[in-house]
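The values are calculated or read from the model by the stated rules, or taken from the named source; none is laboratory data. These figures come from a predicted structure and were not determined experimentally. A quick note on method: Cβ atoms are made from the backbone with ideal geometry, for glycine too, and the neighbour counts reach across all protein chains shown.
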Amino acid sequence: MDLDKNKPGTASSRRRYVTTRRLDRIFVELANVYRFNARFFKEVWLPPYEFKEIIRQCYEIGVRSLPLISLTGFIIGIVFTNQSRPSLADFGATSLLPALISVAIIRAIGPLVTALIAAGRVGSAIGAELGSMRVTEQIDAMEVSATNPFKFLVVSRVLATTLMIPALTMFTTLVSLLGGYLNVHQNELTSLSVFFYQVFDAITFLDIIASSVKSVIFGYTIGMVGCYKGYNSSKGTEGVGKAANSSVVTAMFLIFIEELLIMQVINTIRAF
Amino acid sequence: MEAKEINPNIDRNEKVISIRGLKKAFDDFEVLKGVDLDLFKGENLVVLGRSGTGKSVLIKIISGLLQADEGSVNVLGREVGALKPRELDALRLKIGFSFQNSALYDSMTVRENLEFPLIRHAKHMTEAEREDTIQYVLEAVGLLQAINQMPSELSGGQRKRIGIARTLILKPDIMLYDEPTAGLDPITCIEINSLINEVQEKFNTSSIIITHDLTCARAVGDRIVMLLDGQFQREGTFDEVFESNDERVQSFYNYNFID
Ligand SMILES: Nc1ncnc2c1ncn2[C@@H]1O[C@H](COP(=O)(O)OP(=O)(O)OP(=O)(O)O)[C@@H](O)[C@H]1O
Ligand SMILES: [Mg+2]
């Protein structure tokens with residue numbers, strides 16, 4: 001027992017750090033992140049299921065992102081094709097353009113660009129929304145009305161991003177390829193059927209699986225980071241801004257790390 | 001404003017909330033230092049105290065939003081700190097919590113706000129019954145016309161009333177009001193005060209009303225306790241509490257009534 005609790009100056013003695021203060025905080029944060037993720041995987045299976053909210057979020061995240069994603073994907077397709085042409089032309093190999101575009105867009109650019117745009121658009125929105133709900137005690141209000149706010153807010157959003165980012169990725173990839181086709185058609189007069197024959201000839205089944213798995217992981221990351229930051233936002237309007245901002249920064253950072261790791265894994269598998 | 005006539009229906013033999021030796025600290029900062037409190041059935045209990053004395057913390061502990069460090073918190077015969085999540089949820093359905101800043105779900109209309117607890121906890125209700133219930137509580141708080149509005153379109157006082165309606169909708173046994181009149185004009189305050197008294201009569205609830213507004217305290221309180229330095233120092237009717245020569249009590253009184 002701490003006998004001199006009421007004496008001034010004993011404050012620091014009640015708070016002990018296992019390592020240093022800062023290191024302790026990092027460990028605590030990591031433990032919290034782990035618990036938050038574990039809670040998701042536990043609660044996602046348990047009823048009641050908030051179907052209505054999941055569908056609303058899917059619409060919000062998927063459909064509402066379409067215009068931005070389409071435009072960006074299309075432009076990237078054109079620009080990437082156009083910028084790659086000179087290096088191939090040096091070897092007189094412009095006929096390989098469709099294959100190059102195919103590999104680059106399906107393996108890397110499609111999933112990555114979609115994820116980064118979604119992190120910016122969707123991740124920050126989730127962070128800000130949950131952050132402001134935390135600050136204005138709406139999350140507490142749900143809890144005292146015996147509704148599980150984690151299930152209603154977090155599970156629905158993470159599920160929605162995990163489902164919708166792969167769908168958006170497929171769409172972006174397609175639109176980017178179309179952009180690439182347009183550019184190739186203009187310059188090399190390649191027909192649509194020949195273009196897409198070369199595109200699909202250049203990739204394997206493994207590429208498609210890998211990209212799908214990757215975009216599922218990206219989607220989960222975006223939803224999870226936004227929810228974690230928002231749900232645990234500090235009080236005050238400043239906390240909301242911080243939650244939105246760090247949702248984007250953290251999600252983008254993690255997406256690049258994941259991209260790197262997954263690339264290694266795929267290369268290992270491909271080697272077999 | 002006249003002091004309230006003490007509700008004759010209070011049952012002094014039945015405690016709906018009983019707190020003993022409650023302590024709560026945040027890091028090194030002790031907020032509650034051994035709080036004892038009883039709430040009797042049918043009673044309106046006012047908790048007075050200056051800003052930052054831990055009034056909100058107290059009712060958050062009662063509803064299980066925060067964990068006590070020490071002491072026992074017994075609500076409707078159950079120890080709040082020892083309940084499993086499912087039991088805690090069952091208990092929470094009997095407690096209405098009206099938040100300091102209303103905490104309306106701002107992405108939903110007023111109707112959806114009120115439907116939210118109903119859909120989840122009154123599953124037996126048909127859509128028509130739900131609609132009736134919503135209209136009934138909205139009428140009780142006098143805001144039927146706001147049913148299709150968004151919270152952002154309402155004034156502070158209207159939001160408070162919708163917040164109270166949302167907690168009333170599941171017919172709780174206990175109401176916890178966190179500063180129901182803070183930041184409202186005097187006339188709206190009087191309206192909210194009479195709403196609190198009406199709720200007590202109509203719904204037969206026992207309530208804890210947190211406030212630092214003495215007009216409100218006098219108008220709604222059957223009994224008043226004062227939180228000073230993390231403990232309840234004064235207890236009784238309004239006049240009994242302020243008979244004290246304690247400087248802190250007097251300055252509280254003067255601050256409210258001399259201007
Ligand atoms: N979640 C929390 N984490 C850390 N400190 C907290 C937390 N909640 C409350 N506190 C601290 O506890 C003290 C009491 O807070 P509380 O909100 O209960 O005050 P209050 O009596 O309701 O004041 P007001 O009249 O301004 O609402 C404050 O000093 C606050 O800083
Ligand atoms: Mg408060």
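Taking residue B:113 and the conditions (1) assigned to a helix (DSSP H, G or I); (2) within 16 Å of ligand 2 (Cβ to nearest atom), which numbered condition does it fall short on, given that it satisfies the others?
(2)
Pick from B:207, B:244, B:194: which is away from ligand 1 (no atom under 16 Å from the Cβ), modelled with pLDDT under 85 and either in contact with a Phe, Trp or Tyr (Cβ under 6 Å, 6 or more places away or on another chain) or not charged (D, E, K, R) (or both)?
Answer to the check: B:244.
Is one or more of the residues making up the stretch A:144-157 away from every other protein chain (no Cβ under 14 Å) and either at pLDDT 95 or above or in a helix (DSSP H, G or I) (or both)?
Yes: one or more hits.
Might you check whether a residue that is near ligand 1 (Cβ under 9 Å from one of its atoms), within 14 Å of another protein chain (Cβ to nearest Cβ) and farther than 16 Å from residue B:211 by Cβ occurs anywhere in the stretch B:43-56?
So far as the stretch B:43-56 goes, no, none of its residues is near ligand 1 (Cβ under 9 Å from one of its atoms), within 14 Å of another protein chain (Cβ to nearest Cβ) and farther than 16 Å from residue B:211 by Cβ.
Go through the stretch B:11-36 residue by residue and tally those that are assigned to a strand (DSSP E or B), away from ligand 2 (no atom under 16 Å from the Cβ) and touching a helix residue (DSSP H, G or I) at 6+ places or on another chain (Cβ under 8 Å).
The total comes to 3.
Would you point out the residue of the stretch B:163-193, among those that are in a helix (DSSP H, G or I) and either within 14 Å of chain A (Cβ to nearest Cβ) or without any contact (Cβ under 8 Å) to a residue 12 or more places away in the chain (or both), that is nearest to ligand 2 (Cβ to nearest atom)?
In this case the residue turns out to be B:163.
Among (1) farther than 22 Å from residue B:204 by Cβ; (2) hydrophobic (A, V, I, L, M, F, W, C); (3) surrounded by 14 or more Cβ atoms within 10 Å (Cβ to Cβ), which single condition is residue B:128 missing?
That leaves (3) as the condition not met.
Tell me which residues, restricted to the stretch B:63-90, are in contact (Cβ under 8 Å) with a residue 60 or more places away in the chain and either at positive phi or away from chain A (no Cβ under 14 Å) (or both).
Passing the criteria: only B:76.
So the check is Cβ under 7 Å with 6+ separation or different chains; which pairs have a first residue in the stretch A:244-258 that's closer than 19 Å to residue A:214 by Cα and assigned by TED's automatic domain parsing to the domain that holds residue A:111 and a second one that's buried (at least 17 other Cβ atoms within 10 Å of the Cβ) and among the aromatic types (Phe, Trp, Tyr)?
What qualifies is A:255/A:218; A:258/A:218.
Could you check, for the stretch B:103-110, whether at least one of its residues is more than 16 Å from ligand 2 (Cβ to nearest atom) and away from chain A (no Cβ under 11 Å)?
Yes, the stretch B:103-110 contains at least one residue that is more than 16 Å from ligand 2 (Cβ to nearest atom) and away from chain A (no Cβ under 11 Å).
Which of the following residues is within 16 Å of ligand 1 (Cβ to nearest atom), within 10 Å of chain A (Cβ to nearest Cβ) and not in a loop (DSSP other than H, G, I, E, B): B:160, B:60?
Sole residue among the options that is within 16 Å of ligand 1 (Cβ to nearest atom), within 10 Å of chain A (Cβ to nearest Cβ) and not in a loop (DSSP other than H, G, I, E, B): B:60.
So if I check each of B:99, B:116, which one is out of contact with any Leu (no Cβ under 7 Å at 6 or more places or on another chain), over 25 Å from residue B:230 (Cβ atoms), within 14 Å of chain A (Cβ to nearest Cβ) and surrounded by 17 or more Cβ atoms within 10 Å (Cβ to Cβ)?
Answer to the check: B:116.
Looking at B:251, B:155, which one is out of contact with any helix residue (DSSP H, G or I) (no Cβ under 8 Å at 6 or more places or on another chain), modelled with pLDDT under 85 and either within 16 Å of ligand 1 (Cβ to nearest atom) or among the hydroxyl-bearing types (Ser, Thr, Tyr) (or both)?
B:251
For the stretch B:9-35, which positions are among the hydrophobic types (A, V, I, L, M, F, W, C), away from chain A (no Cβ under 11 Å) and within 14 Å of residue B:61 (Cβ to Cβ)?
Matches in the stretch B:9-35: B:17, B:19, B:22, B:26, B:31, B:32, B:35.
Within the stretch B:119-136, take every residue that is within 12 Å of another protein chain (Cβ to nearest Cβ) and part of a loop (DSSP other than H, G, I, E, B) and give me the one that is farthest from the chain's Cα centre (by Cα).
Only one residue tops the list, namely B:123.
May I ask you to list pairs of residues, at least six apart or on different chains, whose Cβ atoms are under 7 Å apart, with the first in the stretch A:53-65 being over 12 Å from residue A:155 (Cα atoms) and the second being basic (Lys, Arg)?
Going by the 7 Å Cβ cut-off, the qualifying pairs are A:65/A:121.
Within the stretch A:43-62, which residues are of a type outside the set (Ser, Thr, Tyr), part of a helix (DSSP H, G or I) and surrounded by 12 or more Cβ atoms within 10 Å (Cβ to Cβ)?
A:43, A:53, A:54, A:55, A:56, A:57, A:58, A:60, A:61, A:62
Here is a list of conditions, (1) under 22 Å from residue B:207 (Cβ atoms); (2) within 16 Å of ligand 1 (Cβ to nearest atom); (3) surrounded by fewer than 16 Cβ atoms within 10 Å (Cβ to Cβ), and residue B:67 meets all of them except one; can you say which number that is?
(1)
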